[in-house]
1. Here are 279, 210: which of them is within 10 Å of the ligand (Cβ to nearest atom) and either within 22 Å of the chain's Cα centre (by Cα) or surrounded by 20 or more Cβ atoms within 10 Å (Cβ to Cβ) (or both)?
2. Among the residues of the range 191-203, are any modelled with pLDDT of 95 or more and not in a loop (DSSP other than H, G, I, E, B)?
3. Check the range 223-230 and report whether any residue there is away from the ligand (no atom under 14 Å from the Cβ), over 23 Å from residue 2 (Cα atoms), in contact (Cβ under 8 Å) with a residue 24 or more places away in the chain and within 17 Å of the chain's Cα centre (by Cα).
4. Give all pairs with beta carbons closer than 9 Å in which a residue from the range 273-286 that is at negative phi meets a residue that is exposed (fewer than 14 other Cβ atoms within 10 Å of the Cβ) and part of a helix (DSSP H, G or I); count only pairs at least 6 apart in sequence or on separate chains.
5. Can you give me the ranges of the helices (runs of 4 or more DSSP H) entirely in the range 1-99 with at least 3 residues that are in contact with a helix residue (DSSP H, G or I) (Cβ under 9 Å, 6 or more places away or on another chain) and crowded, with 16+ Cβ neighbours inside 10 Å?
6. Could you check the range 249-261 and list, in sequence order, the residues that are part of a helix (DSSP H, G or I) and more than 10 Å from the ligand (Cβ to nearest atom)?
7. Go through (1) assigned to a helix (DSSP H, G or I); (2) under 24 Å from residue 21 (Cα atoms) and name the single condition residue 240 misses.
8. Determine which member of the set 142, 126, 103 is over 20 Å from the mean Cα position of the chain (by Cα) and assigned to a helix (DSSP H, G or I).
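The values are calculated or read from the model by the stated rules, or taken from the named source; none is laboratory data. The shown structure was predicted, so the numbers you read here are calculated from the model rather than taken from an experiment. Cβ: placed from backbone, ideal geometry, glycine included. Neighbour counts: every protein chain shown.
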Ligand code: SF4
């Protein structure tokens with residue numbers, strides 16, 4: 001890997017996408033709550049929970065939620081009463097998530113806030129005690145799955161198939177934990193116009209790439225990984241490769257890589273017309289191979 005060349009290409013990519021794509025990303029809603037860290041933490045968590053599917057639909061669903069919470073999310077969750085407040089969400093749905101799932105999540109989150117004061121306190125303490133992102137996520141998932149759910153499920157525990165469970169994966173099960181790593185990126189890193197840097201005791205150097213489908217395939221084009229299955233080991237391998245490019249901040253290019261795919265500028269089906277203006281074409285193996293094939297065919 002030619003690290004200097006890759007860094008230059010990724011910097012050009014970030015310069016093109018970081019500012020221009022922010023309004024198309026759920027992170028833009030988190031940034032609207034600047035000046036109110038506790039609200040930002042809750043908004044970020046809700047946006048991360050729903051961070052699957054098309055970005056504009058995620059943004060619409062999160063805005064709808066926040067409206068139903070009187071745009072005071074921290075206060076709303078801290079005083080959330082399943083019987084009195086759950087009816088506010090009737091009619092809300094995002095893919096498999098229905099009003100009841102959301103109310104159950106808020107009930108779990110309220111228990112965390114009551115015990116730890118803020119989401120950030122929980123995560124920063126868990127990082128201090130475990131010393132790794134994987135350890136911190138294991139701790140978070142174990143904690144949330146052990147909370148009471150009795151207003152929603154008679155057993156008091158989340159059933160195996162409850163949609164809420166999907167937000168509590170474990171690295172030790174091989175999951176890439178994409179939405180949790182995305183949430184951590186939003187909360188822990190900073191230094192540019194994107195993430196909030198709200199959790200300074202979790203170093204950006206320790207974060208793990210939030211592995212969405214675009215980041216996974218484009219990382220393969222760049223030779224950052226050879227793995228094909230998008231689990232924790234692939235996220236770890238890509239992060240390790242990017243650590244050579246940006247040791248203090250290996251996930252700094254996540255936003256730009258993801259939006260290169262989301263925007264349609266790097267489609268799944270190769271399109272050389274889109275590759276020619278792509279800032280990554282000098283380091284993209286897929287483009288190099290396709291260009292060589294085209295030249296050979298033209299001879
Ligand atoms: S050069 Fe083409 S295939 Fe490679 S990352 Fe850019 S758009 Fe995608």
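1. On the way: 210 fails: within 10 Å of the ligand (Cβ to nearest atom).
The match here is 279.
2. Restricting attention to the range 191-203, the residues satisfying the condition of being modelled with pLDDT of 95 or more are 194-203.
Subsequent filtering for residues that are not in a loop (DSSP other than H, G, I, E, B) retains none.
No: zero hits.
3. There is at least one residue in the range 223-230 that is away from the ligand (no atom under 14 Å from the Cβ), over 23 Å from residue 2 (Cα atoms), in contact (Cβ under 8 Å) with a residue 24 or more places away in the chain and within 17 Å of the chain's Cα centre (by Cα).
4. What qualifies is 279/15; 282/5; 283/5.
5. Numbers: elements: 3-17, 27-32, 37-49, 55-68, 73-78, 82-85.
Counting at least 3 such residues, we get 3-17, 27-32, 37-49, 55-68, 73-78.
6. Pass one, the range 249-261, residues part of a helix (DSSP H, G or I): 254-261.
Residues satisfying the conditions are 254, 255, 256, 258, 259.
7. (2)
8. Every option except 103 fails the conditions.
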